[in-house]
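Engineer: Below you'll find the structure I mean.
No value in this document is a laboratory result; all are computed from the given coordinates. Fair warning: this is a prediction, and the values are worked out from it, not measured in the lab. Cβ sites come from the backbone with ideal geometry, for glycine too, and all protein chains shown count toward neighbours.
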Amino acid sequence: GLRMVMLDGTIVDIGGSECDAAGYDLLGLVIGSEGQLGVVTEATVRILRAAEGARPMLMGFDSAESAGACVAAIIGSGIIPVAIEYMDRPAIKVCEAFAHAGYPLDVEALLIIEVEGSEAEIADLIARITGIAEAFKPSTLRISQSATESAAIWKGRKSAFGAMGRIADYMCMDGVIPTSRLPEVLSRITAICEGYGLAVANIFHAGDGNLHPLVLYDMNDPEQLEKAELAGGDILKVCVEVGGCLTGEHGVGIEKRELMSEQFTQVDLDQQMQVKSVFDPGWKLNPAKVFPLEGRPAVSA
C-alpha cells in the first residue's frame, strides 16, 4: 500500500493490508506513474522470508548467441532462477581487472546463474541447468562450493557499472525483450553501435529480458554524445520491434519520452494522458516527463 498527497493537499491511502481487491487497481497505476499523479510519502511492503540457501554458478561461452540461446532454453524449460546475469567480453575484461573475481578472459559471454532453496532443491536445479547448458557447449562451467566463492562470483557483477566508468563514459540503456529473441537482439545491438563508430558493453538481467547495453563514448566530444544518443534510441526501437518495451526498471522520464510513440499509438497515449489530467488537471507534477511534448492537452499555467 501507499500514502499519497494529491496536488490540492488531499492525503489518500491506496492499497495496504486492510484493503480488499474490489475496485480499480489504483496501486498499480500510481506505482507506474513516475510521480505524475501525486507525491508518495509512505509505502507499505510485505517482508518475505529469505530462502534456506542460494548458490551461483558461472558459465562462459564462445559466442553471445550461444549464451543468449542458453538463457532462452533455461527459461523455456520452466526453470526460473533467482538471477541470470549476462556480461560480454568487454564487460568481463573491465570487471575482472577491477574486482579480480576470477572470471575467464577467453570467452565472449558470461552468465552468472543463481538458484535458491534447500540443499536438495539447489542440487536438483543446478543439475538440470547444467544439463540444458551442455547443448550450447559452455567453455567454462564453475559451480560455487563455498560462501567465499559465491562472493567472488558476484563481486565483479556488482562492481560492473563503476568499473566500466573507469575506462569510458557510457550511456546505460534500459529496454526489455522476449528472452527467445535475445541472440538476435544482441547481434543487432553490436551492429547498431558499430554503425555509429561506438563500442558497447552488455551487462544485464538476462533472465527477465531486461537489457542494459552500455554505449561507450567521450562526453567531452559533442559529436560522440549525439551518436551515443542516436544509438541508444535505435536500440530501444529494436526492443519494441521484437515484442518488448522501452523500459524495464529505469522508467521513461525525459530520455525516452519522444520514443513513447514507437510503442504506443496516439489513441493509447491520449488515454494515458487523460488519466494524468484527472489527477493533475494543470499538468504541474513532473510535467516534462513520460509523454512526447507534441500531442499533449492544452493546459493553463
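Engineer: Could you give me the radius of gyration and the Dmax of the stretch 191-301, taking only the C-alpha atoms into account and expressing both in angstrom?
Structural biologist: Answer for the stretch 191-301, Rg first and Dmax second: 16.2, 46 Å.
Engineer: Additional query: For the chain, what is the Kirkwood hydrodynamic radius in Å, using each pair of distinct C-alpha atoms?
Structural biologist: Final number for the Kirkwood radius of the chain is 21.5 Å.
Engineer: Oh, and also: What FRET efficiency, computed as 1/(1 + (r/R0)^6) with R0 = 30 Å and r the Cβ-Cβ distance, is obtained for residue 191 and residue 225, rounded to the nearest 0.05?
Structural biologist: For residue 191 and residue 225, the calculated efficiency is 0.90.
Engineer: Next question, about the same structure. Loop only by DSSP, 10 or fewer other Cβ within 10 Å of the Cβ. Give me the GluC sites (Glu not before Pro) in the stretch 194-257 that pass, ordered by residue number.
Structural biologist: 249
Engineer: Note the per residue figure in Å³ for the convex hull of the C-alpha positions in the stretch 27-113.
Structural biologist: With only Cα atoms used, the stretch 27-113 gives 197 Å³ per residue.
Engineer: Report the net charge of residues surrounding residue 160, where surrounding means a beta-carbon distance below 14 angstrom and charges are Lys +1, Arg +1, Asp -1, Glu -1. Can you show the working numbers first?
Structural biologist: On the way: positive: 89, 93, 155, 157, 158, 166; negative: 85, 88, 96.
Around residue 160, the charge tally is +3.
Engineer: Relative contact order, percent, of the chain when contacts are C-alpha pairs under 8 Å separated by at least 6 residues?
Structural biologist: 19 percent
Engineer: Then there's this: Dividing the alpha-carbon radius of gyration of the stretch 227-280 by 2.2 N^0.38 Å (N being the number of residues), what value is obtained?
Structural biologist: Details: Rg = 12.4 Å, N = 54, 2.2 N^0.38 = 10.0 Å.
For the stretch 227-280, the normalised Cα radius of gyration is 1.24.
Engineer: Which of the residue pairs 155/237; 93/155; 256/276; 158/276; 93/289; 237/284 have a Cα-Cα distance greater than 25 Å in the structure shown? Intermediate values should be presented prior to the final figure.
Structural biologist: Numbers: 155/237 32 Å; 93/155 14 Å; 256/276 18 Å; 158/276 37 Å; 93/289 36 Å; 237/284 29 Å.
Long pairs (Cα-Cα over 25 Å): 155/237; 158/276; 93/289; 237/284.
Engineer: Let me ask something else. For the stretch 1-106, what does the relative contact order come out to in percent, with C-alpha contacts under 8 Å and a separation of six or more?
Structural biologist: Relative CO of the stretch 1-106 lands at 21 percent.
Engineer: Next up: Regarding the stretch 168-241, what are the three Cα extents along the principal axes, ordered largest first, in Å?
Structural biologist: Cα spread of the stretch 168-241 along its principal axes, largest to smallest: 37, 18, 15 Å.
Engineer: Cα axis of helix 266-279 to longest principal axis of the chain: angle in degrees, 0 to 90, nearest 10?
Structural biologist: Tilt of helix 266-279: around 60 degrees.
Engineer: Let me have the 222 nm mean residue ellipticity of the chain computed from DSSP H runs of 4+ only, each contributing -39500 (n - 2.57), with the sum over all residues rounded to the nearest 500.
Structural biologist: That comes out to -11500 deg cm²/dmol.
Engineer: Among 74, 44, 290, whose Cα sits farthest toward the positive end of the charge dipole of the chain (+1 at Cβ of Lys/Arg, -1 at Cβ of Asp/Glu, about the Cα centre)?
Structural biologist: After comparing all options, I get 44.
Engineer: Just to confirm the number: angle between the C-alpha axis of helix 89-99 and the first principal axis of the chain, 0 to 90 degrees, nearest 10?
Structural biologist: In the chain, helix 89-99 runs at an angle near 80 degrees to the longest axis.
Engineer: In nm, to one decimal, how far is the residue 79 label point from the residue 150 one, both placed 7 Å along Cα→Cβ?
Structural biologist: 1.7 nm
Engineer: For helix 222-241, what angle does its Cα long axis make with the longest principal axis of the chain, in degrees from 0 to 90 and rounded to 10?
Structural biologist: 90 degrees
Engineer: Assigning unit charges at the beta carbon (Lys, Arg +1; Asp, Glu -1) and nothing else, what dipole magnitude in debye, to the nearest 20, does the stretch 54-161 show about its Cα centre?
Structural biologist: For the stretch 54-161, the charge dipole is close to 240 debye.
Engineer: Measure of size requested: the Rg and Dmax of the stretch 54-161, with Cα atoms as the atom set and Å as the unit; please supply both.
Structural biologist: 12.9, 36
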